[in-house]
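Report on the following structure.
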Amino acid sequence: MSKYLFNLNFPEDLRNMDYDELELLSYELRDFLVDSVAKTGGHLASNLGIVELAIALHRSFNTPEDKIIWDVGHQTYVHKILTGRIDGFKNLRKLGGMSGFPKSADSEYDLFDTGHSSTSISLGLGLAAARDLKNEDYKVVSVIGDGAMTGGLAYEALNNAGSMNTNFIVLLNDNGMSISPNTGGLSSSLGRITSTDKYMHMKTQVKKGFSKVPMIGESVISGIHNAKENIKYAVIDGILFEELGFKYIGPVDGHDIKEMCQTLERAKAIQGPVLIHAVTKKGKGYSKAEENPDVFHGIGPFDVETGEVLKKSSGPSWSSIFGCKLTEMAKTDERIVAVSAAMIDGVGLEKFQEAYPDRLFDVGIAEEHGVTFSAGLAKAGLRPFVAIYSSFLQRAYDQIAEDVCLQNLPVVFCIDRAGVVGADGETHHGNFDISYLKSLPNMTVLAPKDGAELKKMMEFALTLDGPCAIRYPRGTAPVLKKENEIAPGKSYQLRRGTEAEIWAAGSMVSQALKAADILKKDGVSVSVINIASLKPLDEKKLKASGDKYPLILTVEDGALAGGIGETIKALLAETSAKVINLGWPDKFIEHGTQDELYAKYNLDAESIAETVKKNL
């Protein structure tokens with residue numbers, strides 16, 4: 001039975017608990033996290049690793065007056081519990097339930113809706129600068145993981161913060177996923193010593209004293225400074241941060257609540273920007289997650305005893321089909337290389353990595369760099385396949401336009417998680433890639449209806465002399481019997497009908513075929529077209545359909561604004577056909593299962609069938 005979790009008023013009561021009580025609280029938190037996520041699924045390993053850090057932050061700072069910004073956002077489960085939202089975990093990541101990421105609409109403790117990486121330092125620095133301009137008095141802390149430090153935005157913010165000299169704390173949660181920890185006793189000792197009030201006062205007095213000595217004073221100060229810096233260069237990771245203008249503290253044990261609280265108190269007293277380097281273990285407290293932190297990074301409902309996922313996939317995923325096919329293609333074409341942005345397993349490249357480790361490039365959480373890097377590979381004669389989630393690829397729009405499309409280079413973008421992705425919600429849905437990709441000159445955009453067509457599109461993309469994007473959704477790939485050869489500007493008829501025609505793209509093809517079956521039972525005959533090539537479109541077939549059918553319905557797993565439907569409606573403006581577009585509305589779509597969201601926004605088979613009947 002929990003002694004603290006359901007009986008205290010968080011975060012206020014944290015500030016009155018002693019360290020032994022806080023230690024017991026950390027055990028209760030971990031037990032609750034494992035049991036809760038086992039039922040709902042979610043991000044487990046990162047949250048198990050940040051328990052003590054979250055306790056120390058809410059104990060040491062007067063939240064919500066003091067501001068805590070969480071990078072990425074999937075590491076905020078403990079933060080949610082410690083800000084009074086434990087009841088929300090019953091419906092975590094479910095439609096209408098609590099988000100797995102920070103949501104400013106849900107709580108005053110969540111300042112931003114964060115879900116992408118490397119943003120917290122920029123956001124925090126903006127808050128600190130606004131605070132100073134308004135003569136307000138509160139603390140700002142940005143929490144960032146070491147993986148997120150591979151993103152260029154984090155370094156841009158660090159560089160800016162160092163030059164501004166505002167009071168601002170960055171807490172680097174180093175769980176060994178990217179930065180090699182340096183936890184030697186000397187470096188820990190120096191990190192603590194150089195942050196104390198006595199040290200800071202002594203340093204100032206020594207400088208003042210020697211500066212008054214004629215002729216030799218400045219050289220002595222310089223000598224002392226150089227000796228100190230040489231030691232720090234030799235033993236402390238944090239010299240990079242100090243060179244950027246931060247006061248560096250660490251490494252410190254991120255699982256020692258007392259040490260973390262004391263460190264945070266010292267950091268609050270330092271003038272200017274401070275970076276605290278805390279070392280933690282991802283998955284701490286649950287052996288299955290400690291042994292396989294990547295598996296438990298984001299996981300569905302699972303058995304606590306075995307760690308096994310309860311619901312198994314009914315077939316190969318789109319990601320695994322992509323990875324297996326690319327590995328097969330690489331056997332016969334040595335030009336093929338793969339590029340990932342810290343998501344090798346997520347995009348299905350594990351087998352490629354095993355077979356061709358020298359031909360796989362993981363650029364870290366740095367999509368912009370990954371795209372421009374791939375342009376360099378292509379310019380040198382290689383054929384890069386860039387596998388990135390749709391929502392993350394948004395960060396690299398300029399690089400796609402300027403460094404790939406403008407140069408007309410043969411880079412293949414394999415866009416995973418296109419369309420809605422389910423429980424991760426607004427920050428992870430990939431609804432916008434069609435809109436921005438089809439506007440770019442030289443770009444070919446394809447969308448497979450099933451796994452077999454994805455393979456054919458990959459083969460076809462390799463024959464192109466310019467850029468190509470292939471978008472496909474999250475989850476299990478359907479198996480649809482009819483196969484077609486792939487060609488730019490080519491669409492394919494999958495079902496013949498006389499009363500209306502449904503033009504469907506990618507994952508919506510299977511929904512359109514089911515809708516046609518429903519309509520057939522109701523005595524309505526419809527044709528179904530697999531668009532396949534989103535850019536260029538099959539204009540010849542489209543215009544013929546516009547003259548033949550009184551109703552044409554377009555269905556896409558993408559935003560209506562700027563989508564394929566809008567283009568088709570414009571192309572058919574001079575025909576007699578009535579054109580209805582189905583897709584995602586002009587809003588950020590909430591979290592929920594893919595099927596729930598399809599039904600809610602009229603993109604499931606039943607809704608498509610009903611739309612046809614209403615508009616005939």
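Things to note:
- For the range 289-296, the Karplus equation 6.51 cos²θ - 1.76 cosθ + 1.60, evaluated at θ = phi - 60°, returns couplings of 6, 5, 6, 9, x, 5, 5, 8 Hz by residue, with Gly and Pro reported as x.
- Once C-alpha pairs closer than 8 Å and six or more residues apart are averaged by separation and normalised to the residue number of the chain, the relative contact order reads 11 percent.
- Under Karplus coefficients 6.51, -1.76 and 1.60, residue-wise ³J(HN,Hα) of the range 75-90 in Hz, glycine/proline x: 9, 10, 4, 5, 4, 5, 5, 6, 10, x, 10, 5, 5, x, 6, 5
- Taking 30 Å as the limit for the C-alpha separation, the pairs Lys311/Lys520; Lys39/Lys455; Lys379/Lys540; Lys449/Lys600 exceed it in the case of Lys311/Lys520; Lys39/Lys455; Lys379/Lys540.
- Cut-off 13 Å between beta-carbons: net charge of the residues surrounding Ile580, Lys and Arg +1, Asp and Glu -1: 0
- Protection proxy ranking for 512-519, 83-90, using the average of other Cβ atoms within 10 Å per residue and placing the highest first: 512-519, 83-90.
- Set of aspartates and glutamates with alpha-carbon distance to Lys351 below 15 Å, sequence-local pairs under 8 removed: Glu328, Asp362
- Note on the range 41-137: lysine pairs with Cα distance below 20 Å, sequence gap of 8 or more or different chains, count 8.
- Candidates per GluC sites (Glu not before Pro) in the range 255-318, loop by DSSP, up to 10 other Cβ within 10 Å: Glu305, Glu308
- Sulfur and carbon atoms: percent of accessible area, the range 238-380 [1.4 Å]: 51
- A 1.4 Å probe run over the protein chains yields, for the chain, 42 Å² of accessible area per residue, whole-number rounding.
- Shape category assigned to the range 353-422 from the gyration tensor of Cα positions, a/c cut at 1.5: oblate
- Taken over the range 237-387, the convex hull of the Cα atoms encloses 162 Å³ per residue.
- Long hydrophobic helices in the chain: the complete DSSP H runs spanning 27 Å or more by Cα along their own axis with mean Kyte-Doolittle hydropathy of at least -1.0 are 19-40, 217-235.
- Interchain or long-range residues, amide H under 5 Å from Asp604's placed H: Ala599
- Residues His255, His429, ordered by accessible area of protein heavy atoms at a 1.4 angstrom probe radius and largest first, appear as His255, His429.
- Shape class of the range 349-476 from the Cα gyration tensor (axes a ≥ b ≥ c, square roots of the eigenvalues): rounded, since a/c falls below 1.5.
- The mean sequence separation of alpha-carbon pairs under 8 Å and at least six residues apart, normalised by the residue count of the range 339-438, gives a relative contact order of 26 percent.
- Cα gyration tensor shape for the range 136-177, rounded if a/c is under 1.5, else prolate or oblate: oblate
- Its relative contact order, with pairs defined as Cα atoms under 8 Å and 6+ residues apart, puts the range 345-398 at 36 percent.
- Amide H to amide H, with H built 1.01 Å from N, Phe413 comes under 5 Å of Val386, Cys468, Ala469, Ile470, counting only residues 5 or more places away or on other chains.
- Computed over the range 482-522, the convex hull of the alpha-carbon atoms projects to a mean area of 3.4 nm².
- Under-5 Å amide H pairs with Leu275, H placed in peptide plane, nonlocal only: Val170, Lys247, Tyr248, Ile249
- Candidate aspartates and glutamates - alpha carbon under 13 Å from Lys325, same-chain residues fewer than 8 apart omitted: Asp333, Glu350, Glu453, Glu459
- Carbon plus sulfur fraction of accessible area for the range 1-104, probe 1.4 Å, in percent: 47
The values are calculated or read from the model by the stated rules, or taken from the named source; none is laboratory data. Everything numeric here is computed off the predicted structure, so don't read it as measured data. As a convention, Cβ positions derive from the backbone with ideal geometry for all residues, glycine included, and neighbour counts pool all protein chains shown. Ligands, DNA and RNA are excluded from the accessible area calculation, which covers all protein heavy atoms including side chains. Shrake-Rupley method; radii C 1.70, N 1.55, O 1.52, S 1.80 Å.
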